[in-house]
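Some notes on the structure that comes next.
What follows is calculated from the coordinates using simple rules that are stated; it is not laboratory data. Everything quoted here is computed from the prediction, not taken from an experiment. Backbone-built Cβ (ideal geometry, glycine too); neighbour counts: all protein chains shown.
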Amino acid sequence: MGDQPPQGQLQHGSALELHHAVEDALRGGVLDLVDDATVREEDHGVGVRRSDGVVRDHDDRLAELGHRVAVSGSYNFDFRKAAVTLSMFYNGQTGRPYSLNFSGDLNGDGVTTNDLLYYPRESEVTVGGGFTYQDLVNFIEAGDCKGAAPGSIFTRNSCHMPFVHSLDFRTAVDVPFGRFRPEFTVDVLNMLNLFDRTLGQVRYAGFNDLLVTTATESGGKYTYTLLDVAKPGFARFSRDDIRSRWQAQVGLRLRF
């Protein structure tokens, strides 16, 4: 828990890890309980440590660790001649940060996807394409964006995707067979999705950016044309199809 973070990452965030194990030998009537909890809280400012050891001031959200909860547990018991182990691992963590950007080269740097979005006041903008200023506000307010206020430019990586939950489950059965001890295993990954298809979803913003609108200016007033990602009824994030599905695998290990 005391290791230094990798170079180029910020030392900022918090984590909670719980480890719980129960062992029950049915034939001997022995019960051992081990319960260990470790909490780490770190907040070391906003500097980024480079490979040369120099700490530079930078956006504190660029490599923000956020919050993470990890819980693992196992239960061991004997069933006739077989030794059975049931185990699980839960991981919950803050969604990845992303930015809201313009589509177009508003600052004239030759790049059309990196200009941070300006959140205009209603009197400063006309929203075209049959949409309204309130549609823009609804999109922004649904994004868990820190410091979002009309009349301001968004900070890079100031928005976060939703909190991510994952649960994996494993069953291992060790059956002695002569001088051999085969172990049969069944692993279920993303078990939450097995019971509810709306759970265990992994979503992302491409290149950690969402292109919200194009913008033009005339007579001191902006005209915003919302792109699909910001239109009512359209998906904000892309979906990682493989990681968003539950998966199972069966294994065999032979020891002799």
Using a simple spin-label model with points 7 Å from Cα along the Cα→Cβ vector, what separation in nm is obtained for Asn138 and Tyr204? 2.9 nm
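As a test of understanding, state the convex hull volume per residue of the stretch 181-248 from its alpha carbons, in Å³.
Considering the Cα atoms of the stretch 181-248, their hull volume per residue is 104 Å³.
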Can you give me the convex hull volume of the Cα atoms of the stretch 80-255, divided per residue and expressed in Å³? 136 Å³
Two pseudo-spin positions, 7 Å from Cα along C-beta at Phe163 and at Ser123, lie apart in nanometres by 4.0 nm
I need the calculated FRET efficiency for the pair Leu254 and Met88, taking r as the beta carbon distance and R₀ as 25 Å, to the nearest 0.05. 0.50
Calculated FRET efficiency, Phe234 and Tyr75, Cβ-Cβ r, R0 35 Å, to nearest 0.05? 0.20
Can you list the lysines whose alpha carbon sits under 30 Å from that of Lys231, skipping same-chain ones fewer than 8 residues off? Lys146, Lys221
Net charge over other residues, Cβ less than 11 angstrom from the Cβ of Val125 (K, R count +1; D, E count -1): -1
Starting from the Cα of Lys81, draw a straight line to each of the lysines and keep only those under 30 Å, dropping any in the same chain fewer than 8 residues away. none
